[in-house]
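> First the structure, which I've put down as structure tokens, then a few questions once you've had a look.
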Amino acid sequence: MSLQRLFVFGGLLVGLTASLFVALQLSRVNDARVAERFLSTSDAIAGAVENQIETQLTLLRGTAGFFDATDEITAAEFAAYIGRLDLERNYPGVLGIGFAVTGPDRAALEQVARRLDPSREVDVEAWPEGERGTYSTILFLEPRNVMNREAIGFDMTSEETRRTAMEAAVRSERTTVSGKVQLVQEIEPEKQPGFLVYTALYRETTAGSPEHYGWVYSPLRAYDLFGSIFPYDERADISINIFDGPPSEERLLYRSAPAPEAARYTTVRTIDAGGREWHIQVIALPGFSSGINSALPWIVGAVGAMIAISLAALLWQQVRAAERVEQQVRRRTAELQATNTRLRDEVSAREKAESTVRQMQRVESVGQLTGGIAHDFNNMLAIIIGNLEMALRRLDKPDALQRFVEQAKGGADRAAELTQRLLAFSRQQPLSPTRVDANALIADMSALLERTIGKQVEIRTEFADDLWPTLVDRGQLENALLNLAINARDAMADGDTLTITTSNEMRGIAEGENSGMMAEFVAIAVADSGSGMSPEVQSKALDPFFTTKEIGKGTGLGLSQVFGFVRQSGGDMAVDSTEGEGTTITLFLPRFQGDEQRRRRPCAAGAGDSAPMGIAQEIVLVVDDEEQVLAMTVELLRELGYTVVHAPDGETALRTLEDNPGIRVVVTDIVMPGMNGNELAERALETAPDLKFVFVSGFDTVSDTSTLDSAHKTVRLQKPFTQQQLATAVRSTFDAAEDALGG
């Protein structure tokens, strides 16, 4: 087999392998997203169940307080109190609230019943009949409907599950929940599992000591109670199963949807329900992951494989063509030699010419092969890998080496820029909000906007005279306005108009703990007179990766990136478009109220003209769980003149701090296994309060450092960083430490 054929088969194998690898990686990412969403949903479900139970406990404690407020309550007074609660409308699943009194015998209970509820009709007080050490009877139960009348006079201590919960309420003096029971008022054909909530009642004796005399209680139907927050739906994507104890069909209280025998995602959360251990089993049904395109990885893999096969087929055709040319040349040469052996000189010259032709054809074929491969594969090669390979080949030529390293760094900068765009979309990018005059910012951008949009579109500005200052990241706001202007340009024809207006607005806060509250905002509206959007397109305009542009002319991240930035800044965005008339996109940014408006943020690590140096007497501790990043950071700091010690994790870092009291600055990664950077800082500051920290992060999933920032001047450094940025961050931190000691 020729080298060309081996090369074709090798390229095909590499392409198929790369396609399979990409498909597997994307599949793993999809699985991780589904698992994370499932766990978050499970936590929310468990929290909802806890809140529902706590509501019932609070309701019953309030009724107990009603009894504590007076010496004796009649049936009419109790009915009026419960009637005001409107249980059927406000508390689904709660059949009623009752009062059960305890006594040594039935006669004593009958006297209490006749005094407090003369109109009651009970054949036998404290039923069912039978001898017991003590008795209790349900004296009141409101609302007095058909179902609750069935329970009047029932002795709940006659049944073990109820008696256990009632005794626990007396012993603990807390509101308790019973185990799973069938309520005595269940008269409907389809009976639901139920449980009861008890609070013991006490009164003061003549001797001044508390005396237990009864309970307030509430019977609850599980399916009515939990169905109000998790409605039963056979088409749901989650099955919620609530058990009184370890999961089993005997202990099942509620099931929101049929559960399969085997499921890929399932978890059990344990909660304390009024003294009982409940287990919340959450099972993901087949439709749970439908929101994530699980077929995408394999589509990508299949497309990659098709491209690899197509390229291999093209190269194979070229190899076969070259082989056919060679065969034809050899055959023609043989024919010429056989035809005229007498003309040796002519034959020799002809053979030489044919040899030259063959060589040229070989070179041309190889050139076509290599050119095609270079054209198709260079488009897929990463800029960084290509330039580093060239740099390795030019180690003996410093000038060329520097050029390739700079080009590789340029590729890395482009990757970092893409990362920032994705972080902006997920609202996780690090922002540096400052006081910004929107009118001045837009005016400063006018020249840039004109160059970007072109003279074929007229740009108008309408500024409010008394515009408030806003609190926002200036650079990100400029990028957002430029992005909106480019989108508007693409939707307009020559002669159309782009108008940017500013105004002061009062509107509700979009999200967060103050959602819905009225607040002051600075509004920036970007309006075009272009083609506008249809209602269908407008409904998807903020969806990630949605675009109406041609393939290769838009990623679909523009508007979603702007929306993420505005929401992360505490504002909101509105889209108003009419097809054929134009589109107006308005950014609502929070008004700047002063330094006390915002929590202190970490100092940003900027860049200067030259890297500030350190001295050997200044000791820095570097903490990072990634070995290569740790080694790089240590080397960069040592080149800057600092004395550097390092640790691979938080525990080792704490021991290093104990052994080296001269350490003044700690450069630590935030996201680390075990102890993260924030926890390391909190523990280290307990013993060394003068320490200063530089927090390094690529994607911070840990809670913010605002608590530390309120008492310690910190610096945040975003990965990837340059030596210049690292030097500026560490130098400013040492200076802050010296200022603190001097103060």
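The values are calculated or read from the model by the stated rules, or taken from the named source; none is laboratory data. Quick caveat: nothing in here was measured; it's all calculated off a predicted structure. Cβ: placed from backbone, ideal geometry, glycine included. Neighbour counts: every protein chain shown. For accessibility, only protein heavy atoms count, side chains too; no ligands or nucleic acids. Shrake-Rupley method; radii C 1.70, N 1.55, O 1.52, S 1.80 Å.
> Within region 184-201, which residues have the backbone N less than 20 Å from the label spot 7 Å out from residue 172 along Cα→beta-carbon, could you tell me?
Within reach of a label on residue 172, which here means backbone N under 20 Å from a point 7 Å along Cα→Cβ, region 184-201 contributes 194-201.
> In whole Hz and in residue order, list the ³J(HN,Hα) couplings for region 490-499 that follow from phi through the Karplus curve 6.51 cos²θ - 1.76 cosθ + 1.60, θ = phi - 60°; x for Gly and Pro.
Once rounded to whole Hz, the list reads 5, 9, 10, 9, 4, x, 6, 10, 10, 10.
> Mind ordering 581-591, 454-464 by average Cβ neighbours within 10 Å, highest first? Kindly include the intermediate steps, with their values, before the conclusion.
On the way: 581-591: 21.1, 454-464: 13.1.
Sorting 581-591, 454-464 by mean packing, highest first, produces 581-591, 454-464.
> Another one. Between region 165-215 and region 227-267, how many Å separate their Cα centres?
Centre-to-centre distance over Cα atoms comes out at 27 Å.
> Further question: Return the sequence-ordered ³J(HN,Hα) values of region 447-453 in whole Hz as given by the Karplus equation 6.51 cos²θ - 1.76 cosθ + 1.60 applied to θ = phi - 60°, using x for Gly and Pro.
Once rounded to whole Hz, the list reads 5, 4, 5, 5, 5, 6, 7.
> Quote the FRET efficiency, to the nearest 0.05, computed for residue 190 versus residue 593 with a Förster distance R0 of 51 Å and r equal to the Cβ-Cβ distance. Can you show the working numbers first?
Values: r = 58 Å, r/R0 = 1.15.
Plugging the Cβ-Cβ distance into 1/(1 + (r/R0)^6) gives 0.30.
> Right, something else. Can you tell me which of 438-449, 634-645 comes out highest on packing, and rank the rest after it, using the mean Cβ neighbours within 10 Å? Walk me through the numbers on the way to the answer.
Numbers: 438-449: 15.4, 634-645: 17.5.
The most tightly packed comes first, giving 634-645, 438-449.
> Further, regarding this structure: With r defined as the distance between the Cβ atoms of residue 412 and residue 463 and R0 fixed at 41 Å, what FRET efficiency is calculated, to the nearest 0.05?
Numbers: r = 40 Å, r/R0 = 0.97.
Result of the calculation: an efficiency of 0.55.
> For residue 268, what is the net charge nearby, where nearby means another residue's Cβ is under 13 Å from its Cβ and Lys, Arg count +1, Asp, Glu -1?
Values: positive: 251, 269; negative: 43, 277.
So the surrounding residues net to 0.
> For a quick check: with amide H placed at 1.01 Å from N, whose amide H comes under 5 Å from residue 520's, ignoring anything fewer than 5 positions away on the same chain?
591
> Cβ neighbours within 10 Å, averaged per peptide: list 34-44, 509-519, 568-578, 320-330 in order, most packed at the top.
On the way: 34-44: 15.2, 509-519: 11.5, 568-578: 18.4, 320-330: 13.5.
Order by mean packing, descending: 568-578, 34-44, 320-330, 509-519.
> To continue, here is another question. Apply 1/(1 + (r/R0)^6) to the Cβ-Cβ distance of residue 307 and residue 385, taking R0 = 25 Å, and write down the FRET efficiency to the nearest 0.05.
Once the sixth-power term is evaluated, E becomes 0.85.
> I'd like the GluC sites (Glu not before Pro) in region 160-246 restricted to DSSP loop residues with at most 16 other Cβ atoms within 10 Å, sorted by number. Mind dumping the intermediate values first?
Details: sites: 160, 167, 173, 186, 190, 204, 211, 234; in loops: 173, 186, 190, 234.
Listed in order of number, the matching sites are 173, 190, 234.
> Residue 625 to residue 70: extension gain in nm, 0.36 nm per residue of separation minus the Cα-Cα distance?
Details: separation 555, 0.36 × 555 = 199.80 nm, distance 6.46 nm.
The span from residue 625 to residue 70 would gain 193.3 nm if fully extended.
> Could I ask something else about it? Report, in debye and to the nearest 20, how large the dipole of region 131-223 comes out about its Cα centre when Lys and Arg carry +1 and Asp and Glu carry -1 on their Cβ. Numbers along the way, then the final one.
Working: 11 positive and 13 negative charges, 32 e Å.
So the dipole magnitude of region 131-223 works out to roughly 160 debye.
> Does a label point 7 Å from the Cα of residue 236, set along Cα-to-beta-carbon, have any residues of region 41-76 with amide nitrogen under 11 Å, and which are they?
Answer for region 41-76: 45.
> To continue, here is another question. Could you report the accessible area of residue 478 in Å², rounded to 10, computed with a 1.4 Å probe on the protein chains as they sit in the structure?
Estimated to the nearest 10 Å², residue 478 gives 60 Å².
> Okay, moving on. Please sort by residue number the trypsin sites (Lys or Arg not before Pro) in region 107-196 whose DSSP state is loop and whose Cβ has at most 12 other Cβ atoms within 10 Å.
Values: sites: 114, 115, 120, 132, 144, 149, 162, 163, 171, 174, 180, 191; in loops: 120, 132, 144, 174, 180, 191.
Here the trypsin sites (Lys or Arg not before Pro) that fit, given the DSSP loop and packing criteria, are 191.
> Would you tell me the accessible area of residue 66, worked out with a 1.4 angstrom probe on the heavy atoms of the protein chains, in Å² to the nearest 10?
50
> Using the Karplus curve 6.51 cos²θ - 1.76 cosθ + 1.60 with θ = phi - 60°, work out ³J(HN,Hα) for each residue of region 143-148 in order, rounded to whole Hz, and write x for Gly and Pro.
x, 7, 9, 4, 5, 6
> To continue, here is another question. Per residue, how much accessible surface does region 64-177 expose to a 1.4 Å probe? Answer in Å², no decimals. Don't jump to the answer; show the numbers that get you there.
Numbers: 5810 Å² over 114 residues.
Heavy-atom SASA per residue in region 64-177 reads 51 Å².
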